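Undergrad: The structure under discussion is supplied below as structure tokens; questions concerning it will follow.
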Amino acid sequence: GGIITQTPKFLIGQEGQKLTLKCQQNFNHDTMYWYRQDSGKGLRLIYYSITENDLQKGDLSEGYDASREKKSSFSLTVTSAQKNEMAVFLCASSIGQNYAEQFFGPGTRLTVL
Amino acid sequence: GDSVTQTEGLVTLTEGLPVMLNCTYQTIYSNPFLFWYVQHLNESPRLLLKSFTDNKRTEHQGFHATLHKSSSSFHLQKSSAQLSDSALYYCALSDDTNAYKVIFGKGTHLHVLP
């Protein structure tokens, strides 16, 4: 078994601020993901990384940057927080093969004042 | 691009009644992989079941689904709902041309009443 850790659990920012969310996994999985979860909009893919040093844009990448520092860690940066934005950001990982199950972290809840 | 459409919003039913949550998908590729994830309140999504075989029923924890490529569907069913089935259910799609990119539907809230 393994675990995914996301920090911080809650993040409060100001409009225009650059904010960074971090994710660590000890599954030794190759592939990692960042999703944004909004009520009524489902899980939308922001960035994913197939393996260390790889970075792929998802459908919601505008306004975000990502970095795969090493195999076990994947960071997401909100480049300019939008006023009144509220969302949960979920990190996930998988073994990176066809048909593979994704394992999700507990999430970071973002509030922008 | 690929897309997933689910029963929208909230489905409310009484304990003991059958559950059916609809999922249809669009893809130009002939080998889709379909998944159902479940997210209970204050928890993270976790895999419930998955399939890539046409017309074969897959089951897990009392739920079942069959991938029908002819109708691009992967509906989630259970014969008798339990209170503990109340959760948010996501249908998701990938394919063998890019198995890493998984597209999720908007989710269906299931609320089971006593």
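The values are calculated or read from the model by the stated rules, or taken from the named source; none is laboratory data. Nothing here was measured: the structure is a model prediction, and the numbers come from that model. Cβ sites come from the backbone with ideal geometry, for glycine too, and all protein chains shown count toward neighbours. With ligands, DNA and RNA removed, areas are computed over all heavy atoms of the protein, side chains included. Shrake-Rupley method; radii C 1.70, N 1.55, O 1.52, S 1.80 Å.
Undergrad: Kindly list, by first and then second residue, each pair from a residue in the stretch A:76-102 that is closer than 16 Å to A:L55 by Cα to a residue that is in a strand (DSSP E or B) and among the charged types (D, E, K, R), limited to pairs with Cβ atoms under 6 Å and residues at least 6 apart or on different chains.
TA: Hits for this filter: A:T77/A:D65.
Undergrad: Under the condition of being in contact with a Ser or Thr (Cβ under 7 Å, 6 or more places away or on another chain) and closer than 19 Å to A:A100 by Cα, which residue from the stretch B:14-40 is most open to solvent (accessible area, probe 1.4 Å)?
TA: B:Y29
Undergrad: Is there a residue being in contact with a Phe, Trp or Tyr (Cβ under 7 Å, 6 or more places away or on another chain), more than 9 Å from chain B (Cβ to nearest Cβ), at pLDDT 95 or above and not in a strand (DSSP E or B) anywhere in the stretch A:46-66?
TA: yes
Undergrad: Then there's this: Considering only residues that are in contact with a His (Cβ under 8 Å, 6 or more places away or on another chain) and not β-branched (V, I, T), look in the stretch A:82-113 and name the one that is farthest from the other protein chains (Cβ to nearest Cβ).
TA: By that ranking, first place goes to A:S93.
Undergrad: Answer yes or no as to whether A:F74 is in contact with a Pro (Cβ under 6 Å, 6 or more places away or on another chain) and hydrophobic (A, V, I, L, M, F, W, C).
TA: The answer is no for A:F74.
Listed here are the residues, each with its yes/no results for (1) open to solvent by less than 10 Å² (accessible area, probe 1.4 Å); (2) within 14 Å of chain A (Cβ to nearest Cβ); (3) of a type in the set (S, T, Y); (4) in a strand (DSSP E or B).
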site	(1), (2), (3), (4)
B:T66	no, no, yes, yes
B:Q77	no, no, no, yes
B:S84	no, no, yes, no
B:L93	yes, yes, no, yes
B:A99	no, yes, no, yes
B:K106	no, yes, no, no
B:H109	no, yes, no, yes
B:V112	yes, no, no, yes
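Undergrad: I need the full set of residues from the stretch B:41-63 which are surrounded by fewer than 16 Cβ atoms within 10 Å (Cβ to Cβ) and away from every other protein chain (no Cβ under 12 Å), in order please.
TA: Quick first cut of the stretch B:41-63, residues surrounded by fewer than 16 Cβ atoms within 10 Å (Cβ to Cβ) only: B:41-43, B:46, B:53-57, B:59-62.
Of everything in the stretch B:41-63, those that are surrounded by fewer than 16 Cβ atoms within 10 Å (Cβ to Cβ) and away from every other protein chain (no Cβ under 12 Å) turn out to be B:L41, B:D54, B:N55, B:K56, B:R57, B:E59, B:Q61, B:G62.
Undergrad: From the list A:S39, A:S67, exactly one residue is open to solvent by 60 Å² or more (accessible area, probe 1.4 Å) and small (G, A, S). Which is it?
TA: A:S39
Undergrad: So in the stretch A:1-16, with the set limited to residues that are in contact with a Pro (Cβ under 9 Å, 6 or more places away or on another chain) and not in a loop (DSSP other than H, G, I, E, B), which one is most open to solvent (accessible area, probe 1.4 Å)? Reasoning before the result, please.
TA: Of the stretch A:1-16, the ones in contact with a Pro (Cβ under 9 Å, 6 or more places away or on another chain) are A:4-6, A:9.
Going one step further and asking which of them are not in a loop (DSSP other than H, G, I, E, B), we end up with A:4-6.
Details: A:I4: 13, A:T5: 67, A:Q6: 13 Å².
Applying the filter and picking the extreme gives A:T5.
Undergrad: Search the stretch A:42-52 for residues being more than 17 Å from A:Q24 (Cβ to Cβ) and not β-branched (V, I, T), and hand back the single one that is surrounded by the fewest Cβ atoms within 10 Å (Cβ to Cβ).
TA: A:R44
Undergrad: Let me ask you something else. Is it the case, given these coordinates, that B:L10 is within 12 Å of chain A (Cβ to nearest Cβ), touching a strand residue (DSSP E or B) at 6+ places or on another chain (Cβ under 8 Å), open to solvent by 70 Å² or more (accessible area, probe 1.4 Å) and among the aliphatic types (A, V, I, L, M)?
TA: Considered against the rule, which asks whether it is within 12 Å of chain A (Cβ to nearest Cβ), touching a strand residue (DSSP E or B) at 6+ places or on another chain (Cβ under 8 Å), open to solvent by 70 Å² or more (accessible area, probe 1.4 Å) and among the aliphatic types (A, V, I, L, M), B:L10 comes out as yes.
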